[in-house]
Structures are given as structure tokens and as C-alpha cells.
Amino acid sequence: MRFSLRDLMLVVAFWAGIAWCAAQVGFDNGMFWFSVGVCAVLSALFIRLARYETPRRRGWLATLPVLLFSFCLASIVTLVDAALLTIAGVVVYQRARPSLRSLCSICMASGLIALAAGIIPGLMTMHGLEVESRELPIVSLANRVKYEKPRHLPGHQVRFAISESVSAELNNFEHTLDERADRKRQFERLHRREYVQFVNSIGFGVGRMRAFPTSRDSLRRPPMYDIGFNARDIKSTPSEQGYWRGGFLAQKSNAIEHIHLVRRNDFLDPDGFGVAIEPPLIVTGFVEHGFHYPPTNGMGDATPWTILRLELVSLLKFAEPRVYVLDHLPRMDQLSSDNAPTRPLDAFESESLAKLRTDEDVVVKNDGNEYRMLGSLRAAKQCLDCHGVQRGELLGAFSYSLHHETGPEGNNRDR
């Protein structure tokens, strides 16, 4: 067989294709060169059998072990190459003996198609990951919590001990946050070098990653909306899109304390935490704390309750505790400014705050049908990557003013 200029061009094009594929997955990718080697051995066997008359009729069966081998390894490249050569073998072995040039062309085309089949899905996925990384970048929260900076300094620790009941509730809350941290785990995979390499692994990563989907839709969160103190219609909030689940972490109950439990879970929804890339302040995927559902959502029967006020008590930003004053439920993206309106604590809040620090999670007082409640926002272990406080320390509190239409039993109680 004479080697023509056309043959030389085909060989150059073939190796250029190999080089392009290697550049996409990395020239040091062992799996890529293993797949190239398997394809080369399979091609040599294919050509060998096709060139001799005696074994030609059953020669196409030689590719079947490779097909099974490919299924065992879940290798797209070897699977596609073996399948294409099997089909070619069935056709070729029924005809006159082909030329060596034709057989080599078939093997080169089959190998390049197989490599492309193993690489292109990974490239598409990698492009999606790059877009997601740009849309959801790694950012610093230093300016958001700069008022806490002294607490990060060595030796700046306030020793305190919380009660057993508070500790038990904190343990339960941390366990709940860990169980619902799906979005955090997705961000960890998105920004983890090993994950990117795994996705880009030729013939392997894309197929295996289906069990661990990461998509922009699952990572995005809708913009926050103002929710009135006594809003009732859940469809008037972005929660109808199903992005926020923190408000559903607790079972329904009619107890007044349950209003705070659900509001705390909603405000500190674990899907808004993102993940700390470089603790304590470099994070990705963080969404400002805020409410996503109406205040009485999660109550067994919310009809008798009217939320007159629900305000956030700031304990760390000012020299003395202050209460943010808004005409709707608190949102941290609106309160991070130094111009956010505040007021001093009233008598109930000042008296209850001392109990809240170590002994209670919720303090309730009522006069007839009118209720006041102060509920804790305590630092769980998941909060410590960004907040320079101790586990269990108060980050803030919610101050409630409520009215109960029928006056439940236990009026005039103070606890």
C-alpha cells in the first residue's frame, strides 16, 4: 500500500483530534490515555481479524468482550468504540476483504467519535459549572459583620453557660440545620477542585454525577419581598416557588411559642447560609437572612392570632441593644445600613433579655388577649464560620406583639 499525501493528512487530522481531546481533559489524565490504549488495542484486533480470510466470519465477535468490559467500568469511550467497531465488523466481514487503508480509516473515525462521546458531555457540564460559579461567586462578608471584628481577636471570649433546656433545643436546631443543608453540599461540590476533576473525567464523571445533581435552578434563590406583619396569604410571597424550606422544619402546633420557633427557622433557613470557603468570612452562596413566609405560617390554627409587630433586636452592632423598626417583617438586606431606623428596648424587652441569654429560649407575657414575646436567635455551630461568637451566644432576638381573638387559657401569665 502506497502512503499518499491524503493518507498523511488523515493521520495528522486524527492525531490533532487526539491532542484536542487530551487538552480538554488534561494531558496528565490517566483515564484518557487508558481509553486511548484500549481503543488502539481494539482497533489492532479489528484490523488483524479483518485482513485474514479464515477467522473473518466470526471476527466481529472479538469486540463483544470489550462491550461487556466497558459496561463494567461504565466507560463511555470504550463502549462507543466497541459498539461502532462491532457494527462495522458485521458489515465488513460479509463483504470482500477490505483494504488496509479502509480499515485504518474506520478505526480512526470510530476512535475519534468515541472520544468525543466521552468528552463532550463533560465539557457541557463544565461550561454549566463555570456559569454557575460566575453567577454565584465567592465573596467576603467582612463588611457585613465588621462590627463583630473585635470578637475574632484572641482572648476576646465571654464565658457563659446556657441552661440544659436551652442546650437541648440548640442541639436539636443544629441537627435540623445539618439535615437540610442540601444547598450547602451542592456549593461545596461546585467549588471543590476534586469535584470538577471528577466531572471532567473522560467517560466516567458525567455518568456518575447524576446521583449528585448541581444546577443553577437548584442553587438560585428568588429576591426577597416585604411581608406584612399579619400577612395570611402564602401566595403573596416568593415562597410559592418552593425555594425556601426552613419554615417547614418544625411540626405544626397551636402554642404561642411555636410562632417564634417557626419564624426562627424561616429567618435562619439553612439554604441561605451558603458555605464558608475560607472561614470565617469568605463564603459563596450566602443569602441575607430574612422572612419568606407569613408570620403565623406553621401554626395548627392561626386564625385567632394577629401579629401586631415583629421586630429584630440587635445585640452586637450597637453599644447598647437596639430594636430595628420597619413596617414589615425584618430583612437583613434592609438593616445592614447604618441608617436603618432603631429604637431602644422597652421594659418588657429589657427584663426578658436577661432570661434569654442563658436560661430561656422564649419569654412570654400577656395581659388579657394582648401578648408580648421575646424569642432568641442563638448562635448554632453553623453560624460560627462567619460570626465571631461562642456557640449558644445570642446573636439577636425577635420581639413580638400579638393579639389573640378568643383569649386562650392562662391569661396574665409571665414566664
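Every number in this text was worked out from the coordinates using simple rules, so none of it is lab data. Since the structure is predicted, the reported quantities are computational estimates derived from the model, not experimental observations. Neighbour counts run over all protein chains shown; Cβ positions are idealised from the backbone, glycine included.
Of note:
- Computed 3J(HN,Hα) for segment 292-304, one whole-Hz value per residue from the Karplus formula 6.51 cos²θ - 1.76 cosθ + 1.60 where θ = phi - 60°, is 10, 9, x, x, 8, 4, x, 7, x, 9, 8, 4, x, glycine and proline marked x.
- Length released on extending from residue 333 to residue 182, taking residue separation times 0.36 nm less the Cα-Cα span: 52.0 nm
- Distance between modelled label sites at residue 127 and residue 87, nm, 7 Å Cα→Cβ extension: 2.4
- Cut-off 16 Å (backbone N to label point 7 Å along Cα→Cβ of residue 255), residues of segment 269-306: 298-301
- Taking the fewest neighbouring Cβ atoms within 10 Å as the starting point, the ordered list for 271, 327, 81 is 327, 271, 81.
- In plain terms, the chain from residue 13 to residue 109 could stretch by 33.5 nm, reckoned as 0.36 nm per residue minus the Cα-Cα distance.
- Net lengthening on full extension, residue 44/residue 404 (0.36 nm per residue, minus Cα-Cα): 121.2 nm
- Relative packing of 255-261, 6-12, which averages over residues the other C-beta atoms within 10 Å, highest first: 255-261, 6-12
- Applying 1/(1 + (r/R0)^6) with r as the Cβ-Cβ distance of residue 343 and residue 135 and R0 = 60 angstrom yields a FRET efficiency of 0.95.
- From least to most packed, judged by other beta carbons within 10 angstrom and beginning with the fewest, 305, 15, 33 follow the order 15, 33, 305.
- Look at 386, 104 and count the other Cβ atoms within 10 Å of each Cβ; fewest to most, that gives 104, 386.
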